[in-house]
Structures are given as structure tokens and as C-alpha cells.
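Beneath this line is the structure, given in C-alpha cells, with notes to follow.
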Amino acid sequence: MNTPHSSLMLLGVGGGGAAIARGILRAFGPGIRTLILDSDAQSGGVGDVPFTLLGGNRLAGRGTGGQPASARAAFQDNPAIIDTALEGVRTVVIVTALGGGTGGGASGELLKHLHTLGIVTLIFATLPFAFEGDERRRAAHTAAGPIEQHADVSVFLPLDDLVADAGTDNMREALARGLDTISAGVTLFWRILEKPGYIHFDAERLRGILSANGRGHFATAVAQGPERAQKVLASFAENRLLARKESSPPVRSILVGVLAGDDLRLSEISMIVSGLTAAFGSEADIELGTVNDESTFSGRLAVVAFVFEQGATTVRPAPSAAGQQRKLSEEHAALVGNGRFHRAEKTIWNDEDLDIPTYLRRSLTLDR
Amino acid sequence: MSLSAPVAGLEIGTSRTVIAIGEGRDDGRLEVAALGSIPSSGVRKSQIIEMTQARYSIESVLKKLEEQFGYAIGHACLAISGPQVRTTLMNTQWQLERGFVHDDDIAEINARAEETNLPPERTQLELHPISYGLDELGDIPSPKGMNGNLLKLRSLCIHGATQRINDARTAANAAKLEITEACFSGTCAANAVLSPQDKRDGALVIDLGGGSTTFTAWTDGRLAYAGVLGVGGDHVTNDIHTAFSISTAQAEQIKTTAASAIVMAEDSGMRVAVPSSMPGFKAASISRRALNTVVNARMQELFTVIRSKIDDANLLHKLNGGVILTGGGAALGNVVQLASSVFGCGVRLGAIVPDIQGLDKVAGVPPFACATIVGLLMRAAAADSRPSFMDSFTGIFKGIFRK
């Protein structure tokens with residue numbers, strides 16, 4: 001079992017998340033500190049990856065039957081279940097698939113718990129294909145709210161956009177291709193963090209970017225040949241994962257990861273950075289990392305584009321202990337008081353005055 | 001069915017004061033013949049805090065009913081809600097003289113249960129038998145004919161603060177409306193939307209009121225748990241009002257027209273128009289994501305507290321019939337989806353039982369929002385009706401002892 005010591009951890013949540021995480025491990029090779037968290041004991045596989053069973057007492061290792069509430073309750077039963085595995089971890093990258101039970105139900109609670117531990121989080125969450133039906137799509141959207149609320153940066157990847165040219169009617173094949181695509185993308189991203197390059201971008205720099213919070217958009221492109229940089233930019237221009245809407249918040253920063261062999265040219269880096277800056281606004285900060293890996297990328301140019309929006313996700317409790325939250329609550333109570341309920345009997349629950357707005361007692365910051 | 005006269009129900013809610021009038025139909029059903037309501041004033045958390053305003057609200061509804069529907073009523077059943085309502089589990093024992101359980105013994109232990117010794121500041125509203133016991137045996141649904149020495153009855157007593165109930169009676173009396181009976185609003189709402197089969201399957205009815213939320217859990221055909229939380233739609237309005245520094249009226253309008261109980265991924269970057277508070281002031285807008293975050297936090301907390309109470313009572317796994325939402329708060333966007341995610345079971349909006357007719361002609365609001373007042377009419381009709389009507393409600397009122 002591979003358990004490297006690193007401050008950066010890959011965490012696969014649920015069956016879909018476990019599949020994505022294993023795909024990343026296969027592509028990357030050893031060296032990624034990984035944990036799989038699932039309510040289905042079968043996700044533990046043959047012990048190839050550290051595994052934590054969620055809700056052992058409540059669910060008996062049989063999964064949630066597609067019920068997100070069961071996964072949420074299971075995590076709430078014992079949030080500290082993963083704490084031992086998190087020793088020394090400062091940043092967690094979560095991969096999961098929404099629409100089912102464990103990924104959708106547990107991810108929000110997991111992110112909330114990680115935040116209380118002071119761990120910075122980035123989550124890649126796939127959204128179901130249209131053909132999977134309205135119920136799964138609705139479940140995914142319901143799960144997306146708490147995820148965005150508690151993650152430092154959340155990246156939602158609609159499988160329809162991820163596998164725009166799936167070219168198959170077979171549901172199993174389409175799903176597998178979707179999970180493979182995200183595995184490949186995150187693997188490239190991981191190489192940026194872990195492999196040496198001319199311009200090194202490490203986990204601590206990532207942590208700094210993620211700490212600013214926001215929604216992220218993520219895409220990768222690979223090309224080869226004499227005009228490979230132009231091909232990469234053309235690929236990004238057509239990529240629906242990076243498509244902007246009029247209502248989209250401004251972009252605050254772009255992380256560009258360039259992976260190539262020994263033939264990487266400065267003009268190519270310049271062209272890619274200029275192209276992305278033009279596409280997403282010159283006011284955005286550019287963070288660049290390169291990987292020089294002749295054995296893997298000989299003749300090829302792979303680019304990871306990670307676009308961070310401003311303030312799309314700032315609705316989170318402060319990373320504080322419960323006592324500190326109670327103190328905040330008391331301060332707010334003094335400030336806001338019971339408002340229009342001051343003449344009625346107080347409603348107290350677990351020592352909290354429920355007449356005080358919940359968002360104040362939870363110290364939620366509102367994205368205005 | 002036939003009733004001696006039209007029956008009426010009065011609900012002095014935090015948001016609205018409502019009076020409904022029911023008439024018996026020849027086919028044995030109860031028809032909601034009239035329903036009048038106006039926004040309440042002088043009420044917080046389902047309790048009167050301004051007697052004059054509460055009286056005025058009742059008078060206004062009575063006048064409206066007379067002018068619009070031609071009904072002049074002098075008495076009504078009263079729905080009681082608010083955090084002052086409490087429940088107590090009662091254990092009653094009866095020594096058997098014959099060595100087996102006779103009908104007389106069951107009648108006697110039920111009568112003794114009704115003689116609950118509550119302190120004077122508390123008034124019993126309802127008493128619901130939960131189960132019988134005989135010597136060492138427990139959870140016996142029907143002990144008749146069984147051999148034993150000591151018959152036991154476990155029942156759930158629902159009681160309210162005497163002074164608060166008297167406040168409501170006083171306000172009604174001042175408006176020249178006599179209160180014939182005070183009933184718990186939670187069981188009224190449940191009886192209006194649950195079939196006997198729902199109660200046997202196990203169901204939780206959550207009535208989302210303006211000032212408080214009542215909830216009743218039913219298993220094996222009987223009431224197993226009842227509670228009231230002093231949090232309702234008013235709190236959602238107040239939270240929005242506080243978060244965005246807009247008037248309560250603006251907050252109420254946004255809550256009913258634009259708010260969602262869940263935060264959707266597509267909320268980001270979207271704005272919600274805030275109507276101008278008065279002529280000459282510009283309309284503004286607020287972030288949809290922030291709005292729904294405020295609403296979600298409140299509603300998720302409300303459902304989580306209820307879930308916790310039901311779980312503590314070891315009833316969560318018995319709700320095979322799911323959760324049913326009633327009350328005006330059930331109209332909030334995506335509230336069913338949120339409740340479903342919190343409770344982990346099927347959730348639906350309450351549909352009025354088929355024994356009730358005519359509501360659609362007089363209500364002007366969704367049926368689930370009228371559950372309490374309809375249940376109150378059913379209760380009033382049951383008290384007034386001849387046995388034929390009672391037969392049609394067997395299973396609904398069976399076993400409920402009225403004070």
C-alpha cells in the first residue's frame with residue numbers, strides 16, 4: 001500500500017470518486033498520497049489504496065442505495081473518522097461524482113469538516129449526463145450547494161461537456177469515458193504540482209491560490225506538431241468547460257500548467273499565456289508552472305488551464321472552533337438581538353437562540 | 001352527512017387569521033363552504049401579544065365571511081399552536097378485578113388517563129393512547145379478553161399554557177365568537193392530509209407556519225410524537241430582512257417569489273430584484289446566491305432540529321410513508337427537495353383527504369396551506385355530527401379523547 005508523506009492529499013469520495021482516484025494513480029504512478037472514502041466496502045478493492053469505510057455502523061458497508069441523506073448522516077455520525085489519515089495534510093484535492101448517494105451526500109459534510117481542521121480544499125465534482133435523468137441531475141444540483149459553500153475552490157464538470165464527443169450510445173462506456181477524462185486532466189494537474197520543471201509550482205503555491213476562494217473552471221489540451229501551441233489555444237476556445245456567460249463573475253487568476261519534453265520553447269509559453277490572458281481578461285493574475293518530462297511528453301505539448309473566478313464561493317463558516325462560533329453568535333446577538341421576536345418567548349436549541357438569523361450564528365459570509 | 005348547524009374553525013396564526021365554515025353534504029362528506037382570512041397583527045410565534053389587534057383581526061374576518069358568503073357564526077373550534085404547547089408521556093394503571101381485560105376495564109383506564117393532573121398553568125388539549133400493557137407485557141394494541149392482573153395505558157398528553165389559550169379565547173369572545181373547543185393545530189393539520197393507511201405506514205407531518213412549526217409523527221395508526229418549534233416563515237423573512245437591510249415587506253415578497261430552500265450551482269452571479277419600498281426610491285437587487293444561502297441555512301437548521309427530535313424518539317426509521325409538508329411555508333421554493341435530503345426519505349406536499357370537498361372554490365391558496373383549518377373543521381364536525389359522520393372518520397378520531 002502506497003502512503004507517501006505529503007502535505008497534499010488526493011481524496012476520492014464515493015464510487016465515482018474512487019474510480020477517478022484510481023485512474024489518476026494508474027496514470028501518475030506511485031507518489032500520490034491518496035485516500036478513498038466510500039460507504040460501499042467494495043470500493044476498498046484489494047487494499048491497493050488506503051480506504052476508509054463511511055458509516056460502517058449505519059450502512060454496514062452496503063452503500064447508501066443512492067440516498068445522499070444516508071451518506072450525510074453517516075459522516076455526521078463520526079466526522080473524525082478520517083482525521084488519522086489526514087495527519088500532516090494541509091491541502092486536499094477531492095474527486096467525486098455527483099448524482100448518486102455517497103459523493104453527493106458526504107462531500108459537503110466532509111468539506112465542512114476539513115475546513116474546521118484548517119485544511120484547504122479543492123474539489124472536482126462531475127455532474128451527471130443528461131441521459132442519466134432528471135432525478136440524478138436534481139440530486140447533483142442539490143449536492144452542489146453545500147459543496148460550493150464549504151469548499152475553498154469547487155470545480156463542477158458536467159459530463160456532457162467533459163465528453164462532448166463521446167461518440168457512444170452505451171451508458172457504461174460514456175460514464176467510463178467521462179471518468180477517464182477527468183482522471184487524465186487531474187493527473188496532468190498533479191504533475192504540475194509534483195514533478196520538477198523550469199518554473200516550479202508546488203502545493204504551497206496552490207494552497208495560496210485556493211485560499212482566496214472561488215469557483216474554478218478546469219480544462220486540459222494536448223497537441224503536437226509545429227503549431228502545437230496554436231492548436232492548444234484553439235482547443236481551449238472550443239472547450240465548453242471554459243465557456244463564459246454574461247453572468248459569470250470576473251476571473252481573478254489563471255493557473256497555467258505547461259507540460260512538455262525538452263523541446264518546449266519560450267515562444268510557446270508566451271503564446272499560451274497571451275492567448276489565455278486575452279480570453280479571460282488582462283486583469284487576471286497569471287500563475288505559471290511548467291513540467292519538463294521528456295520521457296512522458298516527448299514531442300507533445302500538454303496544457304492545464306485552471307481559471308478561478310472572483311468571489312463565486314465565499315459562503316463558508318470561518319475556520320474556527322465551536323466555541324469561537326458561539327462567541328461570534330453572542331456578538332451578533334448583541335448586535336442584531338432577537339429583532340421582531342423580542343416580545344415573544346425565545347426559542348433555544350442546543351444553547352443557541354434560534355431567533356437570531358441562522359446565517360449569523362453560523363458566521364456565513366454572504367457573496368453579495 | 002348532516003350537521004345540526006354549520007361548523008366553524010378559527011386559527012389565529014402569526015401570518016394570517018383564518019376562519020372556515022363547513023357544512024355537511026348528503027354524500028357524507030364535509031364541504032368547506034366558506035373561508036375568510038386577513039393578515040394577522042398582534043401575534044408573534046402563534047401567540048397573541050396585542051389583544052386589541054388580535055380581536056380586530058377576528059372581527060374583520062367575521063365581517064368578511066358575512067359579507068362575502070352570508071354566514072354569521074357565533075361559535076368555533078380554536079387551533080392552538082406555538083412553542084407554549086408541550087407534550088408529556090403519561091402512564092396510567094388499572095387493577096383488574098376479573099383476572100382478564102373487559103370492555104369496562106378499557107373504558108375505566110381511559111377515563112382515568114383523561115383525569116390527568118396537570119398543574120393549573122397548563123391545560124390539556126388532547127390525549128392520545130399509544131399502547132396498552134398487561135402485567136409484564138408491553139405494546140399491546142388491543143388488550144381486550146387477555147388474562148392478567150394489572151392493565152397499563154401509555155398515552156401522549158398534549159397541553160398548552162393556560163393563560164395563552166385563555167388569551168385566544170378572550171380575543172375571540174371580544175369579537176363575539178364563542179370557543180367551543182381548543183385543539184392542537186399539529187394534529188388538525190395531520191388529520192387533514194393523512195389517510196388511515198398513511199398513519200399505519202408511519203408518517204411525519206410538518207406544518208410550516210408563520211411563527212412556529214408543528215410536527216407530528218404517526219406510527220401503527222396512532223400519534224407517536226408531537227412537537228412545536230418556535231421557528232417559522234417569519235424567521236425566514238426576518239433573516240432576509242436582516243441580511244440585506246431591506247424592509248420586512250420587501251423581504252416577505254422576495255421570500256415568496258424568488259427564494260429557494262437550496263442553493264443551486266446556477267445561482268452564482270444571478271441577481272434578484274428588490275421592489276422599491278416606496279415611490280421615488282430606486283429598485284435595487286441582491287445576490288440570488290446570498291439570498292438562497294440565508295434561506296437554506298434557516299430551513300436546513302429547522303429540518304435538522306426536527307429530524308434530531310424524531311431520531312431521539314427512535315421514530316426516524318419508522319416513517320415508511322414519508323414526510324408530508326403543510327402550511328404556508330411549504331410554498332417556499334425547493335423546500336421539498338431540501339426536506340428530502342435532510343430526512344432521507346420521500347417528502348411530498350400535503351393533499352387534503354378526499355372526505356373534504358369544496359376547498360378549491362373558497363381557499364385561493366394551495367390546499368397544503370389550509371391543512372390546519374381544514375383539520376379543525378373536521379374536528380368541529382366530528383363533535384357535532386351524528387354517528388353516520390363519525391363512522392366516515394373512523395381511524396382519524398378513534399382513540400382521541402377530547403377535553
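The values are calculated or read from the model by the stated rules, or taken from the named source; none is laboratory data. Computed from a prediction, not measured in an experiment: that's the story for all the values here. Please note: Cβ atoms are built from the backbone with ideal geometry, for glycine as well, and neighbour counts cover all protein chains shown.
Remarks
- Counted residues, region B:332-351 - those being in contact (Cβ under 8 Å) with a residue 60 or more places away in the chain and not small (Gly, Ala, Ser): 6
- Residues of region B:296-317 satisfying the condition of being away from every other protein chain (no Cβ under 11 Å) and either touching a helix residue (DSSP H, G or I) at 6+ places or on another chain (Cβ under 9 Å) or not in a helix (DSSP H, G or I) (or both): B:310, B:313, B:314, B:315
- Within region A:121-131, being at pLDDT below 85 and buried (at least 19 other Cβ atoms within 10 Å of the Cβ) holds for one residue alone: A:129.
- Criterion (outside the structural domain of residue B:249 (by TED's automatic domain parsing), in contact with a Lys or Arg (Cβ under 8 Å, 6 or more places away or on another chain) and surrounded by 23 or more Cβ atoms within 10 Å (Cβ to Cβ)) met by exactly one of B:37, B:46: B:37
- Residues within region B:170-185 that are part of a loop (DSSP other than H, G, I, E, B), out of contact with any strand residue (DSSP E or B) (no Cβ under 7 Å at 6 or more places or on another chain) and hydrophobic (A, V, I, L, M, F, W, C), tallied: 1
- Any hit, region A:31-42, residues being under 26 Å from residue B:322 (Cβ atoms), more than 14 Å from every other protein chain (Cβ to nearest Cβ) and touching a residue at least 24 places away in the same chain (Cβ under 8 Å): yes
- Within region A:344-368, tally of residues that are closer than 26 Å to residue B:86 by Cβ, hydrophobic (A, V, I, L, M, F, W, C), at the interface with chain B (Cβ under 8 Å from one of its Cβ atoms) and part of a loop (DSSP other than H, G, I, E, B): 2
- Residue within region A:232-239 that is among the acidic types (Asp, Glu), within 30 Å of residue A:131 (Cβ to Cβ) and modelled with pLDDT of 75 or more present: yes
- Among the residues of region B:266-285, those that are more than 34 Å from the chain's Cα centre (by Cα) and either modelled with pLDDT of 75 or more or within 12 Å of chain A (Cβ to nearest Cβ) (or both) comprise B:266, B:268, B:269, B:270, B:271, B:284, B:285.
- Breaking point among (1) out of contact with any Ser or Thr (no Cβ under 6 Å at 6 or more places or on another chain); (2) of a type outside the set (D, E, K, R); (3) touching a residue at least 24 places away in the same chain (Cβ under 8 Å), for residue B:287: (3)
- Residues in region B:210-230 that are within 30 Å of residue B:275 (Cα to Cα) and at pLDDT below 95: B:210, B:211, B:212, B:230.
- Residues being farther than 15 Å from residue A:302 by Cα and assigned to a loop (DSSP other than H, G, I, E, B) - total across region A:240-286: 12
- Region B:40-72, subset in a loop (DSSP other than H, G, I, E, B) and among the hydrophobic types (A, V, I, L, M, F, W, C), residue farthest from residue B:180 (Cα to Cα): B:49
- Subset tally (residues that are away from chain B (no Cβ under 11 Å) and touching a residue at least 24 places away in the same chain (Cβ under 8 Å)) for region A:56-65: 1
- Selection within region B:156-193: residues that are hydroxyl-bearing (Ser, Thr, Tyr) and surrounded by fewer than 23 Cβ atoms within 10 Å (Cβ to Cβ). The member of this set that is farthest from residue B:357 (Cα to Cα) is B:162.
- Conditions (1) assigned to a loop (DSSP other than H, G, I, E, B); (2) more than 14 Å from chain A (Cβ to nearest Cβ); (3) surrounded by 12 or more Cβ atoms within 10 Å (Cβ to Cβ); number of the one not met by residue B:153: (1)
- For region A:208-218, the criterion of being among the aliphatic types (A, V, I, L, M), assigned to a helix (DSSP H, G or I) and not assigned by TED's automatic domain parsing to the domain that holds residue A:160 is met by at least one residue.
- Condition check for residue B:293: within 30 Å of residue B:216 (Cα to Cα), more than 8 Å from chain A (Cβ to nearest Cβ) and among the polar types (S, T, N, Q): no
- Extreme residue, surrounded by the fewest Cβ atoms within 10 Å (Cβ to Cβ), among residues of region B:73-105 that are in contact (Cβ under 8 Å) with a residue 40 or more places away in the chain and in a helix (DSSP H, G or I): B:103
- Region B:106-142 - residue that is of a type in the set (Val, Ile, Thr) and over 27 Å from residue B:80 (Cβ atoms) and, of those, surrounded by the fewest Cβ atoms within 10 Å (Cβ to Cβ): B:140
So that you can scan it fast, the table gives a plain yes or no per residue for (1) more than 16 Å from residue B:373 (Cβ to Cβ); (2) among the aliphatic types (A, V, I, L, M); (3) away from every other protein chain (no Cβ under 14 Å):
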| site | (1), (2), (3) |
| --- | --- |
| B:201 | yes, no, yes |
| B:206 | yes, yes, yes |
| B:209 | no, no, no |
| B:213 | yes, no, no |
| B:234 | yes, no, no |
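- A single member of A:85, A:97, A:106, A:139 is touching a helix residue (DSSP H, G or I) at 6+ places or on another chain (Cβ under 6 Å), more than 13 Å from residue A:8 (Cβ to Cβ) and away from chain B (no Cβ under 13 Å), and it is A:97.
- Checked against the criterion of being farther than 27 Å from residue B:354 by Cα, in a strand (DSSP E or B) and touching a Pro at 6+ places or on another chain (Cβ under 9 Å), region B:21-36 contains not a single residue that satisfies it.
- Candidate set from region B:240-254 (those that are surrounded by fewer than 24 Cβ atoms within 10 Å (Cβ to Cβ) and in contact (Cβ under 8 Å) with a residue 40 or more places away in the chain); member that is nearest to residue B:300 (Cα to Cα): B:243
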